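Some notes on the structure that comes next.
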Amino acid sequence: MKKNWPLWEIFVRSKNGLEHRHFGSLHASDAEMALENARDVYTRRNEGVSIWVVESKNITASNPDDNGELFEPAQDKVYRHPTFYELPDDVKHM
Amino acid sequence: MSEHEVKKLEEIFEARIARDEKIEPKDWMPEKYRKTHIRQMSQHAHSEIVGMLPEGNWITRAPSLRRKAALLAKVQDEAGHGLYLYSACETLGVSRDELFEQLHSGKAKYSSIFNYPTVTWADMGAIGWLVDGAAIINQVPLCNTSFGPYARAMVRVCKEESFHQRQGYEIMLTLCKGSEEQKEMAQDALNRWWWPSLMMLGPTDAESVHTEQSMKWKLKRKSNDELRQQFIDQTVPQADILGLTIPDPDLKWNEETGHYDFGEIDWDEFWQVVKGHGPCNKERMKARVDAWENGAWVRDAAMAHAEKKQKNLKEAI
Ligand SMILES: [Fe+2]
Ligand SMILES: [Fe+2]
């Protein structure tokens, strides 16, 4: 065995109108085989109408260690939510 | 990192799990958590893969096209389960090749039940009914386990398992409604698969080493003995409907406890099989290793083809 088949991440749209969602991963020699394998592994029971495959090494992921820096600033920005604004009760449709 | 810092991180980590938060692959985790998960998930994956072999034995000899299509679909599902679980395992930084190597060298275990032979068609019924039935009892609680990829894989697996059990029970039902010989065949299969199915739920609580830690990490929610009792309680009435007799003279409904009392399990047999001395351990491993080795040239050829296509594409640009 010289070289292992690379890892691919599989995204499936379960029906039109919904986004593609990450379903899992699998090994395949190329994109075409990844698609074929994804069909067999992840859509045996009508789970999908469209499949995306992305080689795992091409995904850049955020590091959980940076979560504070990345996501905490949003926590104190309550003015981004409608409930922050106080309006009299008789204002309707808003 | 100092010992003190690690201790602090561990405390935060355990608190997250206690709050029912999920752990994802890139999160910090204690080394023991990572190792335990690699071990349990890979063992689980191996069981799904090796589990295809006893049933694969009957695909070409299924008694009707309906049965054949169902069995084929079931065995294909088991391959899928293995793949979901291997993928989940790989998120912890172990490669598929390492996992196969551990299986093929005998370093990794798989469920002892798959080391028993499938000698008649009724075994397909008994396996679906009892073995998949016991597997479901084991797996359902894992849909809420703490490690995200494992929990997600188990949700998919559990959705697919109920067809496995139903198709098995239907085979038993058909045999039991058939001729005298057919019913005998069903009884014989039950006789052979009953005790191994009980063993499949693991050693008794007194002998089980990992339970406490596993409970904390939600790798386990009920003890082996509790799961076994649950399995017996739900299976006995199903055997009654088939008109079959559970091969245990000590089996008796206990009005007081609201459970069935049952006879002694032959744990020596269990440990023998776990240690590699079951009726089919060697045969199963040989089939696995042969499939892997004989397929090597196909994997290499596919990779060479993919690389050549890539190269041609680059040159064309
Ligand atoms: Fe399975
Ligand atoms: Fe199954």
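The values are calculated or read from the model by the stated rules, or taken from the named source; none is laboratory data. What you are looking at is a predicted structure, and each value in this text was computed from that prediction instead of being measured. Counting neighbours? That spans all protein chains shown, and the Cβs are built from the backbone with ideal geometry, glycine included. All accessible areas refer to the heavy atoms of the entire protein, side chains included, with ligands and DNA or RNA removed. Shrake-Rupley method; radii C 1.70, N 1.55, O 1.52, S 1.80 Å.
What the table shows:
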| quantity | calculated |
| --- | --- |
| Hits in segment B:167-176 (condition: more than 11 Å from ligand 2 (Cβ to nearest atom) and out of contact with any Lys or Arg (no Cβ under 8 Å at 6 or more places or on another chain)) | B:Tyr169, B:Glu170, B:Met172, B:Leu173, B:Thr174 |
| From B:Ser197, B:Ser111, B:Ser162, residue being away from ligand 2 (no atom under 12 Å from the Cβ) and of a type in the set (Ser, Thr, Tyr) | B:Ser197 |
| Residue tally, condition closer than 16 Å to B:Gly82 by Cα, in contact with a strand residue (DSSP E or B) (Cβ under 9 Å, 6 or more places away or on another chain) and open to solvent by less than 10 Å² (accessible area, probe 1.4 Å), over segment B:130-172 | 1 |
| Those residues of segment B:55-69 which are within 15 Å of ligand 1 (Cβ to nearest atom) and surrounded by fewer than 22 Cβ atoms within 10 Å (Cβ to Cβ), in sequence order | B:Gly56 |
| Test for A:Ala28: is it under 21 Å from B:Cys89 (Cβ atoms), loosely packed, with under 13 Cβ neighbours inside 10 Å and of a type in the set (A, V, I, L, M, F, W, C) | no |
| Count - residues of segment B:161-185 that are over 18 Å from the mean Cα position of the chain (by Cα) and part of a helix (DSSP H, G or I) | 14 |
| Residue match in segment B:7-19 (condition: more than 12 Å from chain A (Cβ to nearest Cβ), assigned to a helix (DSSP H, G or I) and either within 16 Å of ligand 2 (Cβ to nearest atom) or hydroxyl-bearing (Ser, Thr, Tyr) (or both)) | no |
| Test: residue in segment B:224-244 that is on the phi > 0 side of the Ramachandran plot, more than 14 Å from chain A (Cβ to nearest Cβ) and modelled with pLDDT under 95 | no |
